[in-house]
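Enquirer: Handing you a structure now.
The values are calculated or read from the model by the stated rules, or taken from the named source; none is laboratory data. Keep in mind it's a predicted model, so treat the numbers as computed, not measured. Cβ atoms come from the backbone with ideal geometry, glycine included; neighbour counts cover every protein chain shown.
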């Protein structure tokens, strides 16, 4: 990791330190996260980041997480534009926002893939647990 120095105002340093302490992380870790997320938000207007420090995820500002948009598009039939049109109808997400989610996912494929896979694993575990409960009380 390379060392870089920045000159920050005292007020900025104080806010950074206070926020980092609130989140239980170092000021450097918080600054790195803010820079990465900020750059992603500039590159993909409409994408925000949600979740606790240990589990941040990209989401649409007024809608679902990006991985949820991509997972649903994968379930649909047709070419990209047809899928976007169907999802837009289903969700009231503007097609432009869906395309922004797709563009974000293209630049962060492993992040999106792992979230989709984790959700599928949790859904399968939940399904098996429901079957086991049903068998137990049948």
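Enquirer: Which pairs turn up if I take residues in segment 59-74 that are in the same structural domain as residue 88 (by TED's automatic domain parsing) and more than 16 Å from residue 90 (Cα to Cα) and look for partners that are assigned to a helix (DSSP H, G or I) and modelled with pLDDT under 95 with beta carbon separation below 8 Å, at least 6 apart in sequence or on another chain?
Expert: These pairs meet every condition: 67/119.
Enquirer: Restricting attention to segment 51-92, which residues are touching a strand residue (DSSP E or B) at 6+ places or on another chain (Cβ under 7 Å) and either part of a loop (DSSP other than H, G, I, E, B) or loosely packed, with under 11 Cβ neighbours inside 10 Å (or both)?
Expert: 51, 56, 61
Enquirer: Residues to consider are 106, 102; find the one that is over 30 Å from residue 24 (Cβ atoms), surrounded by fewer than 14 Cβ atoms within 10 Å (Cβ to Cβ), within 17 Å of the chain's Cα centre (by Cα) and outside the structural domain of residue 23 (by TED's automatic domain parsing). Talk me through it step by step, then tell me what you get.
Expert: Values: 102 fails: surrounded by fewer than 14 Cβ atoms within 10 Å (Cβ to Cβ).
From the options 106, 102, the qualifying one is 106.
Enquirer: Please tell me if residue 25 is assigned by TED's automatic domain parsing to the domain that holds residue 118, in contact (Cβ under 8 Å) with a residue 12 or more places away in the chain and either farther than 22 Å from residue 116 by Cβ or assigned to a helix (DSSP H, G or I) (or both).
Expert: Numbers: assigned by TED's automatic domain parsing to the domain that holds residue 118: no; in contact (Cβ under 8 Å) with a residue 12 or more places away in the chain: yes; either farther than 22 Å from residue 116 by Cβ or assigned to a helix (DSSP H, G or I) (or both): yes.
So residue 25 does not fit the description; no.
Enquirer: Now for a separate question. For segment 33-41, does any single residue satisfy the condition of being touching a residue at least 60 places away in the same chain (Cβ under 8 Å) and either surrounded by 15 or more Cβ atoms within 10 Å (Cβ to Cβ) or in contact with a strand residue (DSSP E or B) (Cβ under 7 Å, 6 or more places away or on another chain) (or both)?
Expert: There is at least one residue in segment 33-41 that is touching a residue at least 60 places away in the same chain (Cβ under 8 Å) and either surrounded by 15 or more Cβ atoms within 10 Å (Cβ to Cβ) or in contact with a strand residue (DSSP E or B) (Cβ under 7 Å, 6 or more places away or on another chain) (or both).
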